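Here is the structure we will look at, set down as structure tokens.
The values are calculated or read from the model by the stated rules, or taken from the named source; none is laboratory data. Computed from a predicted model, the values in this text were never measured in an experiment. Don't worry about glycine lacking a Cβ; one is built from the backbone with ideal geometry, like all the others, and counts go over all protein chains shown.
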Amino acid sequence: MSEHPVDMRKSIRTYGIVGGLLFVFTAITVGVNLIHVSSVALAITIALVIATMKGTMVAAIFMHLNHEKKWIYGALVLTVVFFVVLILLPNLTVSDTIGTPSSYTISAEQAAHKAEKAEK
Amino acid sequence: MEIPYTVEPRPDSGLANGKLGIWLFLASEVMLFGALFSTYILLRVGAVEWPHGELSVKLGAINTFILIASSVTMVVAWAKLKMNEFSKGRLYIIVTAVLALVFLVNKYFEYADHFSRGEGPWHSTFLAIYFTLTGLHGLHILGGIVVMAYLAGPGAGLWKKNPDQFTNRVEYTGLYWHFVDLVWIFLFPVLYLL
Amino acid sequence: MDTTATGTAHGHEHAHEHDHAHHEELGFLRKWVFSLDHKVIGIQYAITGLLFLLFGFTLMMVMRFQLAYPGHPIPLIGPWLGDANAPNGVMLPEFYNQLGAMHGTIMVFLGVVPLAVGGFGNFVMPLQIGAPDMAFPKLNMMSYWVYFCGGVTMFASFFIQGGAAQSGWTSYPPLSVVVATNGQVYWLVGMIFLITSSLLGSVNFIVTIVQLRAKGLSYMRLPFFVWAQLVTSFLLLLAFPPLEAAGVLQLMDRVAGTSFFLPSGLVISGKPLTVAGGGNPLLWQHLFWFLAHPEVYVLILPAMGIVGEVIANNTRKPLWGYKALVYAVIFLGFMSFIVWAHHMFMTGMGTTISAFFQTTTMIISIPSVIVLTAMLLSLWGASIRFTTPMLFALAFLPMFGIGGLTGLPLGLAPSDIHLHDTYYVIGHFHYVVAPGTIFALFAGVYYWFPKATGRMMNETLGKIHFWGSIVAINFVFMPMFIQGLGGMNRRMYDGGMQYAHNAGLLKWNIVIGVAAWALGLFQLPFIVNFFGSMKWGKLVDRNPWQATTLEWSAPSPPGHGNFVVEPVVYRGPYEYSVPGAPSDFTPSFEPERS
């Protein structure tokens, strides 16, 4: 029924330590934000990397994902895949211009075409 | 007629019913918040300009610390119950709920501040997605508080009848709660800092 | 509910003990309204679903009159529709749009899925895996009542000022946000109820299948129906939440003045919108179709499952290619998440991402073909019993074949340019859902009716129902391919009259209309049969179809807890015509002979 008290006390210590680490990382996140990073992309990357590290700790230690069962892992892997699909693909449909001339290119071409015609 | 594996795990899956159930529910929640994050990205990428500095980083950071602390107290509550220390466990559940309430109070101040200037979700795309994301997250916090109140209050009677089942319920609530914390861990930098 | 206790003398004592210990007489409300028993809940879902199917069908019959005879007063019911909808009995375009949007919404979300998943899934699946009930009976009960609330909300929307939602079942903004009446808000709220119901149900289904299988019932011994429901539940679990999010966003656009889906600078009827702007209508389309594509597999998978059961039983042979079937539906489920933008080829996406979606769409046809082929090969060398369920199951095969094949030109962008938003699309998807899924659901009703009631449905009425339906339904949907290829657009209240290029195609509207009303007429034998057989159907025992799967070992109808003896599974699900066996079926629950 109940876990061995010594093991649970060790776990509680771990939870406290992880909680402290999460505090530290949060402070780092806010601190990094105050330093104005050169590019937006870099800022986003740093923020997401730190957030992912924090999230991983919460998931692995607090949510006991570090020793869960196959069905849970399987369901979560599937979810992560579809989560990535949901984040990525819609944005690719509005930002993928490979093979399709952008509106600027088209209007530039049209303007050049008009200028040519006017000269004739 | 009893449903098997409500408390003891099924040998081949290694799981009790509720454990699998709550994780599946959390999987669906990942997709729910995922859709909103996707919305955020699509709208921001398509925006000519995106506001900065409109939110109180201080309040957001404080709330982040509060929620992390509440995650610690929640998992400790479960650990105490596993060690058969019912009153300690119950106390930690109450502390978690109180921390959650403080989070909501802070949120109320944040929202009230915006609304007093007439800046509701209608004001800009940024505020629209901010209010939606934090609002939905806040509703999840509220739901968590309700469940915790039940477990610490009327639901605590189950400890006498079936301590393992009660402990499992606390564990599942904890999983939900950690997920809510997880969402905020991403929400905070995305909305407040970037 | 009484348990027909004809189990062995040494019945499992555990089950009996609990029966006695927990046997309190439940009041009417707890027994029949707020029941926690999956069988009662399944029947609640099934009957509500069937009623909504009938209602959605009625909406279509009214629409088809307007399409066949545009501008004519609607006979019989015209006066009842009211001046807001049909002054002097002549349908207004706004009302036509309401009928169209709600026909789609009701059939998909209030009819087919509740019947296929909530009804059949709930009733049959726990029995087929040897479980006493679902893993979470209270959650199950809540799922039904949340669905019910959603249904009431949707139904009520017809009676408010401005009528029901009228922007298609797809609810595209800006139309649905800026122009549509308040019925759209009811639609959004209704959808939130329905999605919540589905989510709760899907968790229940997956946990039940993983955790509550009987002893000896390994995954590869599961009936195909159960595999189909398992994959379906994963689709519901992971694909629905984005639409719930989108619903909230559109609700906020309508009610809180946000502009998630409204772009900047939008001008309607000469007036610029006074919103913040910055939104994107495509955002709605992505979030909507992210669900709505897996949704169509939610519509077809339980149907394939039912057809598999009925075919195995009525060919007296095992299903051909069981492993292929299982892997095919798993693959199908996975692929269904990455094809959705084939509904959006005309939205201006780049050619690379368009090629991606075309490719995944072509690939997803493969598992469907595998399933269909396996079912067809199952017929080879079979002793076919042409019972009513088998007739419907057999018809499913070519009908789904037509539906699937006609989807191919839609999945390729170049041909889709011509076919998108035409009647070709309507023909395609109705073939898969109407003579496809709904026929399979009819097969399921005829097949499992004796298990649920202890009585058989009437075969003669069943055959009239079948033959009338299969003929009529083809005359409804086949002409739509002709109309679509000819360029006739969908969602036009006058049947396409206003465009010169449709002139030669208009006559088909009359054919389709007459066929639709004939189809309606041929549902009457089914309705009479369904309710009449409950009272006067031939009484039968546990296994009237001589079937092999677990549900047929329980009494008909099963009592509380389902099985009198704890069920044990000794072999695969379709051991028909085993060489050397004394009969042409060896049930999975029959112990090994010494």
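Cβ-Cβ below 9 Å, separation at least six or inter-chain, first residue in the range C:413-428 and free of Cβ contacts under 8 Å to residues at least 12 places away in the same chain, second not in a helix (DSSP H, G or I): which pairs? From residues that are free of Cβ contacts under 8 Å to residues at least 12 places away in the same chain, there are no pairs.
Identify all residues within the range B:83-99 that are in a helix (DSSP H, G or I) and free of Cβ contacts under 8 Å to residues at least 40 places away in the same chain; write none if there are none.
So in the range B:83-99, the residues in a helix (DSSP H, G or I) come out as B:86-99.
Matches in the range B:83-99: B:SER87, B:LYS88, B:LEU91, B:TYR92, B:VAL95, B:VAL98, B:LEU99.
In the condition set (1) in a helix (DSSP H, G or I); (2) under 22 Å from B:SER38 (Cβ atoms); (3) away from chain B (no Cβ under 14 Å), C:MET252 is compliant with all but (3).
Listed by first and then second residue, the pairs with beta-carbon distance under 9 Å, at least 6 apart or on different chains, first residue in the range C:544-573 and on the phi > 0 side of the Ramachandran plot, second aliphatic (A, V, I, L, M), are C:GLY561/B:MET1; C:GLY561/C:ALA15; C:ASN562/B:MET1; C:ASN562/C:LEU127; C:ASN562/C:ALA131; C:ASN562/C:ALA554. Summed over the range C:100-151, residues that are over 17 Å from the mean Cα position of the chain (by Cα), under 29 Å from B:ILE3 (Cα atoms) and not aromatic (Phe, Trp, Tyr) total 18.
One residue stands out among those in the range C:330-350 that are more than 11 Å from every other protein chain (Cβ to nearest Cβ) and without any contact (Cβ under 8 Å) to a residue 40 or more places away in the chain: the one that is farthest from C:MET220 (Cα to Cα), which is C:MET335. Examine the range A:64-82 for a residue that is away from chain C (no Cβ under 14 Å), touching a helix residue (DSSP H, G or I) at 6+ places or on another chain (Cβ under 6 Å) and assigned to a helix (DSSP H, G or I), and state whether such a residue exists. The answer is yes, given that some residue of the range A:64-82 is away from chain C (no Cβ under 14 Å), touching a helix residue (DSSP H, G or I) at 6+ places or on another chain (Cβ under 6 Å) and assigned to a helix (DSSP H, G or I). Just to be sure, is C:LYS317 under 30 Å from C:ARG221 (Cα atoms), in contact with a Leu (Cβ under 9 Å, 6 or more places away or on another chain) and basic (Lys, Arg)? Considered against the rule, which asks whether it is under 30 Å from C:ARG221 (Cα atoms), in contact with a Leu (Cβ under 9 Å, 6 or more places away or on another chain) and basic (Lys, Arg), C:LYS317 comes out as yes. Taking first residues from the range B:37-48 that are more than 10 Å from chain A (Cβ to nearest Cβ) and partners that are of a type in the set (Gly, Ala, Ser), the Cβ contacts under 9 Å between residues at least 6 apart in sequence or on separate chains come to B:LEU43/B:ALA128; B:LEU43/C:GLY278; B:LEU43/C:GLY279; B:ALA47/C:GLY278; B:VAL48/C:SER264; B:VAL48/C:GLY278.
When each of C:ILE384, C:ILE363, C:ILE370 is tested for being within 25 Å of the chain's Cα centre (by Cα) and surrounded by fewer than 17 Cβ atoms within 10 Å (Cβ to Cβ), the lone residue that passes is C:ILE363. Of all residues in the range C:187-203, one or more are assigned to a helix (DSSP H, G or I) and within 17 Å of C:GLU94 (Cα to Cα). Checked against (1) modelled with pLDDT of 95 or more; (2) more than 18 Å from the chain's Cα centre (by Cα); (3) within 14 Å of another protein chain (Cβ to nearest Cβ), B:GLU110 passes all but condition (3).
Right, C:LEU282: under 30 Å from C:GLY308 (Cβ atoms) and either in a helix (DSSP H, G or I) or more than 9 Å from every other protein chain (Cβ to nearest Cβ) (or both) or not? Walk me through how you get there before you give the answer.
Details: under 30 Å from C:GLY308 (Cβ atoms): no; either in a helix (DSSP H, G or I) or more than 9 Å from every other protein chain (Cβ to nearest Cβ) (or both): yes.
Criteria not met by C:LEU282.
Please go through (1) of a type in the set (S, T, N, Q); (2) more than 12 Å from every other protein chain (Cβ to nearest Cβ); (3) surrounded by fewer than 19 Cβ atoms within 10 Å (Cβ to Cβ); (4) closer than 30 Å to B:PRO4 by Cα for C:SER269 and return the number of the only condition it doesn't satisfy. Of everything listed in (1) of a type in the set (S, T, N, Q); (2) more than 12 Å from every other protein chain (Cβ to nearest Cβ); (3) surrounded by fewer than 19 Cβ atoms within 10 Å (Cβ to Cβ); (4) closer than 30 Å to B:PRO4 by Cα, C:SER269 misses just condition (4).
Report whether or not B:GLY135 is within 10 Å of another protein chain (Cβ to nearest Cβ), of a type in the set (Gly, Ala, Ser) and either under 15 Å from the mean Cα position of the chain (by Cα) or in a loop (DSSP other than H, G, I, E, B) (or both). Walk me through it before giving the result.
On the way: within 10 Å of another protein chain (Cβ to nearest Cβ): yes; of a type in the set (Gly, Ala, Ser): yes; either under 15 Å from the mean Cα position of the chain (by Cα) or in a loop (DSSP other than H, G, I, E, B) (or both): yes.
Yes: the conditions hold for B:GLY135.
Does C:GLN523 qualify as being touching a His at 6+ places or on another chain (Cβ under 9 Å), within 30 Å of C:LYS39 (Cβ to Cβ) and in contact (Cβ under 8 Å) with a residue 24 or more places away in the chain? Break it down into steps so the answer makes sense when it comes.
On the way: touching a His at 6+ places or on another chain (Cβ under 9 Å): yes; within 30 Å of C:LYS39 (Cβ to Cβ): yes; in contact (Cβ under 8 Å) with a residue 24 or more places away in the chain: yes.
Here the answer is yes, as C:GLN523 does meet what is asked.
Identification of helices (runs of 4 or more DSSP H) wholly contained in the range C:422-522 with 1 or more residues that are in contact with a Phe, Trp or Tyr (Cβ under 9 Å, 6 or more places away or on another chain) and within 17 Å of C:ALA393 (Cα to Cα) yields C:423-432, C:439-453, C:459-485.
It is to be established whether one or more residues within the range B:45-68 are aromatic (Phe, Trp, Tyr) and assigned to a loop (DSSP other than H, G, I, E, B). Please lay out each step first, then the result.
First, pick out the residues of the range B:45-68 that are aromatic (Phe, Trp, Tyr): B:50, B:65.
Retained after the next criterion (residues that are assigned to a loop (DSSP other than H, G, I, E, B)): B:50.
Yes.
Select, from A:VAL32, A:VAL49, the only residue that is surrounded by 14 or more Cβ atoms within 10 Å (Cβ to Cβ) and either more than 8 Å from chain B (Cβ to nearest Cβ) or modelled with pLDDT of 95 or more (or both). It would help to see each step written out before you state the result.
Values: A:VAL49 fails: surrounded by 14 or more Cβ atoms within 10 Å (Cβ to Cβ).
The conditions single out A:VAL32.
When you scan the range C:524-533, do you find a residue that is touching a strand residue (DSSP E or B) at 6+ places or on another chain (Cβ under 9 Å) and in a loop (DSSP other than H, G, I, E, B), even just one? No: zero hits. Output yes when any residue across the range B:166-175 is in contact with an Asp or Glu (Cβ under 9 Å, 6 or more places away or on another chain) and within 12 Å of another protein chain (Cβ to nearest Cβ), and no when none is. No. One residue stands out in the range B:1-20 among those that are in contact (Cβ under 8 Å) with a residue 24 or more places away in the chain and within 9 Å of another protein chain (Cβ to nearest Cβ): the one that is surrounded by the most Cβ atoms within 10 Å (Cβ to Cβ), namely B:LYS19.
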